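Participant: Quick one: structure below, then a few questions.
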């Protein structure tokens, strides 16, 4: 019996070729690293773990960046060895299987290590049998549940926090000052929900944020899952130029009057993905590729329930998994995501709502950092002519500011522009012309 145990300890479960294959997949497609729950300590070969750890830290992953990162950490790795990893696979189609094998081998190794003492204790008649059995159960549970995440030592974390303490906090402003006063803006790891009933203006609010952020030189990645690029352009041009949206839609506005508006909008750093049938993983992959090029500061997704992630466990689980995927991406990559979500009519009357009343998925509330409930209050005459609606945003959840605040916003239905309700802050400018 003892000889068998020693043999297992000498040849622990491992698959070096599978470890190489997973690292090769990441070299081929950097977004793979976001889609696996592997951690550096799961690799049997220490150098493989170092390389994977470097990949987790880097914004751009290639042979040179990995080698330079490891060199800065005092770890020497041969360029030839890295090149072999890079060329170890021709496709990334099996990366999930590779990650599963690596994790299973790690669990086996860890279990063997944790249970070695228990086996000796079982031979020792002085040890209490129940205590040994409980220890065995706990050892198996620990092996299955530990190290599914990147672990950083407290001294390193606190040193980084203290070094950055006097630096100004970077919050991504919505561009609507009355909103920014209350929530401060979006943190880099936020998943923010805009809750609203149908036809209130949640998509229009998202588009206003896109325009205002882009005018502030922020790179906006805008996903539309229900409108064509033509429909989006009709609204974006109106919002950015203060022209009448209906006249643009009906082509009543003369084409030569749009020259200045088109020129101005073309200069904004907004990337639009207009396509139905995409999943949260499609969003993540596109965002990660944009991140590698340094071209995304925020993701605006219209809207959450339209994502096509499959599930056999019902709508609640499906949407919770979507929200978890989006939140994990924001947390790992430091890119906030803002997305509207539909609310039940019965739960959204009179400006009273709880974040748990998101349609079809109360579980979404657990994943959101910020939840803003958008509802319509009243109509009045616009200062620039036409009808203007007062919208309200109620802060129903926030990890960073007080909840319960009711934020007033002006909504001009002619131009689709949303502006501050505080008239002293508003700057009335003339529309673009030729």
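The values are calculated or read from the model by the stated rules, or taken from the named source; none is laboratory data. Quantities reported herein were computed from a predicted structural model and do not represent experimental measurements. Neighbour counts are summed over all protein chains in view; Cβ atoms, including those assigned to glycine, are modelled from backbone coordinates with ideal geometry.
Participant: Within the range 204-218, is there a residue that is more than 26 Å from residue 263 (Cα to Cα) and either at pLDDT below 80 or in the same structural domain as residue 302 (by TED's automatic domain parsing) (or both)?
Facilitator: no
Participant: Another one. Could you tell me whether the range 125-143 includes any residue that is within 30 Å of residue 58 (Cα to Cα), outside any loop (DSSP other than H, G, I, E, B) and at pLDDT below 65?
Facilitator: Yes, there is a match, as at least one residue in the range 125-143 is within 30 Å of residue 58 (Cα to Cα), outside any loop (DSSP other than H, G, I, E, B) and at pLDDT below 65.
Participant: Taking the condition of being modelled with pLDDT of 90 or more and surrounded by fewer than 16 Cβ atoms within 10 Å (Cβ to Cβ), how many residues in the range 42-66 meet it?
Facilitator: The number of residues fulfilling the criteria is 6.
Participant: Of the residues 290, 251, 306, which is farther than 21 Å from residue 203 by Cα, in the same structural domain as residue 191 (by TED's automatic domain parsing) and crowded, with 17+ Cβ neighbours inside 10 Å?
Facilitator: 290
Per-residue answers, yes or no, for (1) surrounded by fewer than 17 Cβ atoms within 10 Å (Cβ to Cβ); (2) more than 21 Å from residue 191 (Cβ to Cβ); (3) in contact with a strand residue (DSSP E or B) (Cβ under 7 Å, 6 or more places away or on another chain); (4) assigned by TED's automatic domain parsing to the domain that holds residue 218:
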position: 244; (1), (2), (3), (4): no, yes, no, yes
position: 255; (1), (2), (3), (4): yes, yes, no, yes
position: 260; (1), (2), (3), (4): yes, yes, no, yes
position: 269; (1), (2), (3), (4): yes, yes, yes, yes
position: 286; (1), (2), (3), (4): no, no, yes, yes
position: 294; (1), (2), (3), (4): yes, yes, no, yes
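Participant: Scan the range 85-103 for residues that are in contact (Cβ under 8 Å) with a residue 60 or more places away in the chain, under 18 Å from residue 14 (Cβ atoms) and either part of a helix (DSSP H, G or I) or not assigned by TED's automatic domain parsing to the domain that holds residue 67 (or both) and jot them down.
Facilitator: Scanning the range 85-103 gives 85, 98, 99, 101, 102, 103.
The rows are residues; the columns are (1) outside the structural domain of residue 291 (by TED's automatic domain parsing); (2) outside any loop (DSSP other than H, G, I, E, B); (3) closer than 23 Å to residue 292 by Cα.
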{"site": "17", "(1), (2), (3)": "yes, yes, no"}
{"site": "33", "(1), (2), (3)": "yes, yes, yes"}
{"site": "51", "(1), (2), (3)": "yes, yes, yes"}
{"site": "65", "(1), (2), (3)": "yes, yes, yes"}
{"site": "68", "(1), (2), (3)": "yes, yes, yes"}
{"site": "74", "(1), (2), (3)": "yes, no, no"}
{"site": "77", "(1), (2), (3)": "yes, no, no"}
{"site": "81", "(1), (2), (3)": "yes, yes, no"}
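Participant: Could you list, in sequence order, all residues of the range 214-232 that are closer than 25 Å to residue 279 by Cβ and surrounded by 19 or more Cβ atoms within 10 Å (Cβ to Cβ)?
Facilitator: 219, 220, 221, 222, 223, 224, 225, 232
To keep it simple, each residue is scored yes or no on (1) touching a helix residue (DSSP H, G or I) at 6+ places or on another chain (Cβ under 9 Å); (2) modelled with pLDDT of 80 or more; (3) assigned by TED's automatic domain parsing to the domain that holds residue 342; (4) under 24 Å from residue 325 (Cα atoms).
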residue: 163; (1), (2), (3), (4): no, no, no, no
residue: 168; (1), (2), (3), (4): no, no, no, no
residue: 182; (1), (2), (3), (4): no, yes, yes, no
residue: 185; (1), (2), (3), (4): yes, yes, yes, yes
residue: 190; (1), (2), (3), (4): yes, yes, yes, yes
residue: 194; (1), (2), (3), (4): yes, yes, yes, yes
residue: 198; (1), (2), (3), (4): yes, no, yes, no
